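The values are calculated or read from the model by the stated rules, or taken from the named source; none is laboratory data. As the structure is a prediction and not an experimental result, all values here were calculated from the model. Every residue, glycine as well, gets a Cβ built from its backbone with ideal geometry; the counts of neighbours run over all protein chains shown. Just the protein is used for accessible areas: all its heavy atoms, side chains included, with ligands, DNA and RNA removed. Shrake-Rupley method; radii C 1.70, N 1.55, O 1.52, S 1.80 Å.
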Amino acid sequence: MATPDRYAVIGHPVAHSKSPAIHSAFAAQTGQNLSYERLLSPLDGFAATVRTFIEQGGKGLNVTLPFKVEAHALADSLTPRARCAGAVNTLKITDGHILGDNTDGAGLVTDIERNAGVMLSGKRILLLGAGGAARGAILPLLEARPAALTIANRTPEKAAVLAREFAPFSAAIEASAFGILHGRFDIVINATSASLGNELPPVPAAIFGAETLAYDMMYGKQPTVFMKFAQQQGAAIRDGLGMLVEQAAESFYLWRGIRPETAGIFAELRAAVE
Ligand code: ATR
């Protein structure tokens, strides 16, 4: 058999990454001859580590914390969604050329639309947060043609900057502070890092209703405080495990031109998390 094409996830730390399990499952399922490993990069040696990987014949990388912005700078060319995100989670190497992509937002949209069965077209969406995670989601969310996309952030000025920046793509985008949010939303996406510290973004309870899907980009054994709060208001809830799997599927598609099935590995990871 030919030597497998080499892929890896690069980060610091990287030992916790589920990407090797996900991509190995995708490769087995689609019959692709590839290897996928973990690559620990020194904090001050990201570019050098990538260059060495390329010299050794590496074909692609997933990029995780804290290197997503550095990967954006390192890429020779960028997909439109990576350019808008200002961050790169996927590198594809072709004859020494480095293409940077960002599949996080597409993974989010696929998980909501296909896996949760909630179409975004014509809906009122609220995106909480204005950091890297929120920014990466905006273009794919707008491309799904919601009636409105409201960005709300603890520091409202940052939400306003994002809304201005993305206004040329859609008239549906607007900015808000948490306290002045009013009316129900169809979908509320928590892209803040509040769940990491077991905190709840201080949003009014009335933004949630029985028809709302409350989505947290984080995932874990237990529902996050945001998910619990939304559920108390009658909302349906979903965590970010599906987004993790779908962003990986989108990277796999960019590299190999084949879209893997995601349900099997999602169920395996869910069982492992619990
Ligand atoms: P990431 O890359 O995960 O988006 P980030 O760029 O550091 O991380 O952004 C963190 C986001 O979470 C910000 O929107 C931050 O709000 P501020 O801009 O006001 O700092 C938000 N955030 C973090 N902790 C929060 C909390 N306890 N409540 C509400 N928002 C919080």
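Which length gain, in nm to one decimal place, applies between residue 177 and residue 18 when the Cα-Cα distance is subtracted from 0.36 nm times their residue separation?
Values: separation 159, 0.36 × 159 = 57.24 nm, distance 3.44 nm.
Fully extending the segment from residue 177 to residue 18 adds 53.8 nm.
Ignoring everything except DSSP H segments at least 4 long, calculate the 222 nm mean residue ellipticity for the chain; use -39,500 (n - 2.57) per segment, divide by total residues, nearest 500.
-10500 deg cm²/dmol
Mind ranking 70, 113 by accessible surface for me, highest first, 1.4 Å probe?
70, 113
Grab the Cα-Cα distance for residue 2 and residue 95, subtract it from 0.36 nm times how many residues apart they are, and report the gain in nm with one decimal. Let's see the in-between values first.
Numbers: separation 93, 0.36 × 93 = 33.48 nm, distance 1.85 nm.
Gain on extension, residue 2 to residue 95, equals 31.6 nm.
Provide the convex hull volume over Cα atoms per residue for the chain, in Å³. Write down the numbers at each step before the final one.
Details: hull volume 34.5 nm³, N = 274.
That works out to 126 Å³ per residue.
Over 23 Å between C-alpha atoms is what I'm after, so list which of 158/221; 92/123; 18/68; 68/158 land there.
Details: 158/221 31 Å; 92/123 34 Å; 18/68 17 Å; 68/158 20 Å.
Table pairs above 23 Å Cα-Cα are 158/221; 92/123.
With a 1.4 Å probe and all protein chains left in place, how much of the accessible area of the chain comes from carbon and sulfur atoms, in whole percent?
Values: 6590 of 12220 Å².
Of all accessible area on the chain, carbon and sulfur atoms account for 54 percent.
Find the relative contact order for the chain and round it to a whole percent, using C-alpha pairs within less than 8 Å whose residues are 6+ positions apart.
On the way: 557 pairs, mean separation 41.0, N = 274.
So the answer I get is 15 percent.
Which cross-chain or sequence-distant (5 or more) residues have an amide H under 5 Å from the amide H of residue 34, H modelled 1.01 Å from N in plane?
5
Rounded to the nearest 10 Å², what accessible area does residue 120 show when all protein chains are kept and the probe is 1.4 Å?
0
Excluding ligands, DNA and RNA, what is the solvent-accessible area per residue of the chain at a probe of 1.4 Å, expressed in Å²? Walk me through the numbers on the way to the answer.
Details: 12220 Å² over 274 residues.
With all protein chains present, the chain gives 45 Å² per residue.
How are the Cα pair distances of segment 120-274 distributed, in percent, across 5 Å bins from 0?
2, 9, 17, 21, 20, 16, 9, 5, 1, 0
Once both labels are modelled 7 Å past Cα along the beta-carbon direction, what's the residue 70-residue 270 spacing in nm?
Each label point is offset 7 Å from its Cα along the Cβ direction, giving 3.6 nm.
Ranking request for peptides 167-176, 143-152: highest mean number of other beta-carbon atoms within 10 Å first, then the rest in descending order. Walk me through the numbers on the way to the answer.
Values: 167-176: 15.3, 143-152: 20.1.
Order by mean packing, descending: 143-152, 167-176.
Quote the accessible area belonging to residue 253 in square angstrom, nearest 10, computed with a 1.4 Å probe and with ligands, DNA and RNA left uncounted.
About 90 Å², ignoring ligands and nucleic acids.
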